[in-house]
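The next block holds one structure in the form of structure tokens; read it before the comments.
The values are calculated or read from the model by the stated rules, or taken from the named source; none is laboratory data. Please read these numbers as outputs of a predicted model, since none were measured by experiment. Quick reminder, even Gly has a Cβ in these numbers, built from the backbone with ideal geometry, and neighbours come from all protein chains shown. The protein model used for the area step is the full one, side chains on, heavy atoms only, and it has no ligands, DNA or RNA in it. Shrake-Rupley method; radii C 1.70, N 1.55, O 1.52, S 1.80 Å.
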Amino acid sequence: MSNNQQPIHYNSISELVYMTIKKEILEIQLPPGTRLPVLEIAKRFQVSQAPVREALERLKQEGLIIGKQNKGSVVSNITSKEVKDIFVLREMIEGFAVRESMPHLKESDFDHLKDIIQLMDQAIQRNDVFKMVEHDMEFHGFFYERCNNHAVLELWDNMKTKVMRFMAISNKHRSTDKLVEGHLALIDVLKTGDTEKAEKTFIDHMKSYKLIHLE
């Protein structure tokens, strides 16, 4: 190794493995039931088993993979009941997060949200499902971070990956043409200062995804 070369640490390798497999699961390149053998993944990335195990553990904690006897790690399934339960909870806590955040929003916050929407639009143009959903979650996560309620933020952090997974599936069955327009409309209603109207608009926005049924 030359003096100019930086050593590769397990954390950075593990992050690469984690993000790559997560993206492939969310884009359904790795469908439910797919086995994830540590040795094969290590060979694929040309790394040792340690960072692979670390990456798989993170995915397991997020519920994207599960451990099965005699099979090792496999991609988990997501059921219609699970999605329904998550959306019921999300409607309750996101309405709260929006109401609590609104009185404190400044013009710079609206500019930040518009920047996120622009990144979302760029991802749509590239047909990058993972980035599109990631920016969508960043937009909505903004309100959970700003509502000044740690318990609500913790609930969001725990459900976010499952929401991402369902949205990635949904976006394969629905047009994304109005996704940007829909999020710009959310900013417009936030600017009115009408918390009741804003909460209803955000909930209606979420309900549009519930019309999509899992196969």
Per-residue ellipticity at 222 nm attributable to helices in the chain (runs of n ≥ 4 DSSP H, -39500 (n - 2.57) apiece, nearest 500 deg cm²/dmol) works out to -23000 deg cm²/dmol
Quick tally, 1.4 Å probe accessible area for Val88, Val189, sorted with the most first, runs Val88, Val189
Where a ≥ b ≥ c are root eigenvalues of the Cα gyration tensor, a/c under 1.5 meaning rounded, otherwise prolate if a/b exceeds b/c and oblate otherwise, the chain counts as prolate
In order over segment 64-75: 3J(HN,Hα) from phi, Karplus 6.51/-1.76/1.60, θ = phi - 60°, whole Hz, x for each Gly or Pro, gives 7, 9, 9, x, 10, 4, 6, 10, x, 7, 9, 5
With all protein chains in place and a 1.4 Å probe, Glu199 shows an accessible area in Å² (nearest 10) of 50 Å²
If one compares the long axis through the Cα atoms of helix 107-125 with the longest principal axis of the Cα atoms of the chain, the angle in degrees, nearest 10, works out at 50 degrees
Honestly segment 1-112 on the Cα gyration tensor test (a ≥ b ≥ c root eigenvalues; a/c under 1.5 rounded, otherwise a/b vs b/c for prolate or oblate) is just oblate
Among trypsin sites (Lys or Arg not before Pro) in segment 111-153, those in a DSSP loop whose Cβ has at most 14 other Cβ atoms within 10 Å are Arg126
Partner aspartates and glutamates whose C-alpha sits under 20 Å from that of Lys106, ignoring same-chain residues fewer than 8 away, are Glu94, Asp115, Glu138, Glu145, Asp188, Asp194, Glu196, Glu199
Counting only protein heavy atoms and rolling a 1.4 Å probe, one gets per residue an accessible area for segment 88-144 in Å² of 45 Å²
Rounded to a whole %, the carbon-and-sulfur portion of the accessible area of segment 78-119 at a 1.4 Å probe is 57 percent
Classified through the alpha carbon gyration tensor (a ≥ b ≥ c as square roots of its eigenvalues; rounded if a/c is under 1.5, else prolate when a/b is larger than b/c, else oblate), segment 64-180 comes out oblate
Quick calc, the chain, dipole around Cα centre from Cβ unit charges on Lys, Arg (+) and Asp, Glu (-), nearest 20 debye, gives 980 debye
Taking Cα atoms, the helix 195-210 axis meets the longest principal axis of the chain at an angle in degrees (rounded to 10) of 40 degrees
Looking only at aspartates and glutamates whose Cα falls under 16 Å of Lys68's and that sit 8 or more positions away or on another chain, we get Glu57
Karplus ³J(HN,Hα) for segment 81-90 (6.51 cos²θ - 1.76 cosθ + 1.60, θ = phi - 60°; Hz, whole; x = Gly/Pro) runs 4, 4, 5, 4, 4, 5, 5, 4, 5, 5
Under a 1.4 Å probe, counting only protein heavy atoms, Thr176 has an accessible area in Å², nearest 10, of 30 Å²
Phi-derived 3J(HN,Hα) across segment 187-194 with the Karplus relation (6.51, -1.76, 1.60, θ = phi - 60°), rounded Hz, x for Gly and Pro, is 5, 4, 6, 5, 5, 6, x, 8
Filtered hits (lysines, Cα-Cα < 17 Å from Lys23, offset >= 8 within chain) -> Lys60, Lys131, Lys160, Lys162, Lys172
Most fluctuating of Ala168, Ala50, Ala123 in the GNM of the chain (C-alpha, under 10 Å) is Ala50
